[in-house]
Amino acid sequence: MRVLINQNTKQISQEQRIQGTYDWLDELFRASMGQFADFSGAYYCDDFNLSLEEAQLKKHKFILESIHFEPGMRVLDVGSGWGPMLKFIRDNGGNPVGLTLSKGQAKHTMRHGFEVYLKDWRDVSSKDLGQFDAVISIGAFEHFCNVEQYLAGQQDEIYEAYFEFVRSLIPVGGRTYLQTTTWGNPHPEYNQISLDAPKGSPEYIVAHLRNFYEASGWLPDGVGHIMKTANDFMLISESSGRLDYIQTSEEWKRRFNRAMLTKPWIIAKLAPKFLNGHFRDKIRSGRYGAQRKAFEQSIFEHTRMVLEKV
């Protein structure tokens with residue numbers, strides 16, 4: 001049976017997993033989407049006539065409204081990516097700070113003058129970063145608990161530690177915005193996830209996803225599971241972005257394909273990687289479109305949450 005986990009992932013750090021997932025995409029992503037494009041689910045809110053850029057802008061505005069943003073506020077972005085929210089916060093008069101584990105993302109955002117740290121949230125504290133008015137995290141929470149930690153029964157402990165970290169940074173009444181993928185239904189069992197599972201089954205689709213994403217984590221079981229670990233936070237609002245993510249995935253596919261056809265230098269730079277069998281397997285899994293299939297079949301749910309410290 002071809003199980004989903006690469007045999008060498010148990011020996012690598014979370015930083016190496018993130019870099020293996022995102023760093024090779026750095027130039028391709030920016031050439032396809034733009035210098036500060038958002039690599040997370042957009043916010044169409046049932047208006048699928050919006051362009052991807054319009055839907056991402058709508059999401060950025062929604063996030064600032066959700067955290068009661070005002071000019072001058074200091075906001076931490078945990079998993080800041082290529083800096084779309086850092087730029088949006090700065091453009092609106094705020095003082096953003098980013099955390100990322102991707103060297104490519106950190107280099108890009110620092111080059112544009114942002115305060116960004118190549119650090120895991122587990123390795124920093126308020127003593128290192130100072131205090132904030134709000135904390136946001138978009139698409140990072142799903143990576144926090146890896147499979148080995150899930151199997152060791154550490155998932156809730158990790159989530160509790162994250163919320164303790166956030167709680168230490170913001171005042172009472174301060175807000176945090178969390179956007180993450182969670183399990184939907186049907187929920188595959190870990191020991192059944194395999195590339196030998198029936199094609200099109202949840203187990204087969206998730207195996208392809210784990211083959212593509214080095215940093216693939218074990219997902220939370222939904223809003224209830226997350227809130228169980230969010231001590232001293234109350235839930236202000238939550239909503240599903242599953243249909244939004246399906247549309248976003250389709251738009252990403254179009255833009256990546258167009259860039260590959262029109263920017264041959266991208267292909268030339270990636271060509272040496274295809275000598276590596278693991279990289280070829282990664283690309284085959286990516287072309288299968290497992291991420292979109294997972295949302296279409298409700299194997300995955302996409303959740304937006306606004307929480308307030310009490």
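The values are calculated or read from the model by the stated rules, or taken from the named source; none is laboratory data. Quick caveat, the model's predicted, so the values are computed rather than measured. Neighbour counts are summed over all protein chains in view; Cβ atoms, including those assigned to glycine, are modelled from backbone coordinates with ideal geometry. Accessible surface areas use protein heavy atoms only, side chains included; no ligands, DNA or RNA. Shrake-Rupley method; radii C 1.70, N 1.55, O 1.52, S 1.80 Å.
Summary table
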| item | result |
| --- | --- |
| Helices (runs of 4 or more DSSP H) within segment 45-118 that include 3 or more residues in contact with a Ser or Thr (Cβ under 9 Å, 6 or more places away or on another chain) and under 25 Å from residue 131 (Cβ atoms) | 84-91, 103-111 |
| Residues of segment 199-215 that turn out to be modelled with pLDDT of 90 or more and not in a helix (DSSP H, G or I), as a count | 3 |
| Flag if residue 117 is at pLDDT 95 or above and either in contact with a His (Cβ under 7 Å, 6 or more places away or on another chain) or open to solvent by less than 10 Å² (accessible area, probe 1.4 Å) (or both) | no |
| Residue identified as closer than 21 Å to residue 98 by Cβ and open to solvent by less than 50 Å² (accessible area, probe 1.4 Å) among 182, 176 | 176 |
| Failed condition for residue 7, given (1) over 15 Å from residue 106 (Cα atoms); (2) open to solvent by 40 Å² or more (accessible area, probe 1.4 Å); (3) modelled with pLDDT of 60 or more | (3) |
| Subset of segment 122-154 (residues that are farther than 24 Å from residue 248 by Cβ, open to solvent by 20 Å² or more (accessible area, probe 1.4 Å) and not in a loop (DSSP other than H, G, I, E, B)) | 122, 123, 126, 127, 128, 148, 149, 150, 151 |
| Segment 185-198, subset in a loop (DSSP other than H, G, I, E, B) and touching a residue at least 60 places away in the same chain (Cβ under 8 Å), residue surrounded by the most Cβ atoms within 10 Å (Cβ to Cβ) | 193 |
| Top-ranked residue of segment 59-78 - restricted to ones that are buried (at least 24 other Cβ atoms within 10 Å of the Cβ) and of a type outside the set (Val, Ile, Thr), ranked as nearest to the chain's Cα centre (by Cα) | 77 |
| Residue 82, sole failed condition from (1) of a type outside the set (Asp, Glu); (2) at pLDDT 95 or above; (3) buried (at least 21 other Cβ atoms within 10 Å of the Cβ) | (2) |
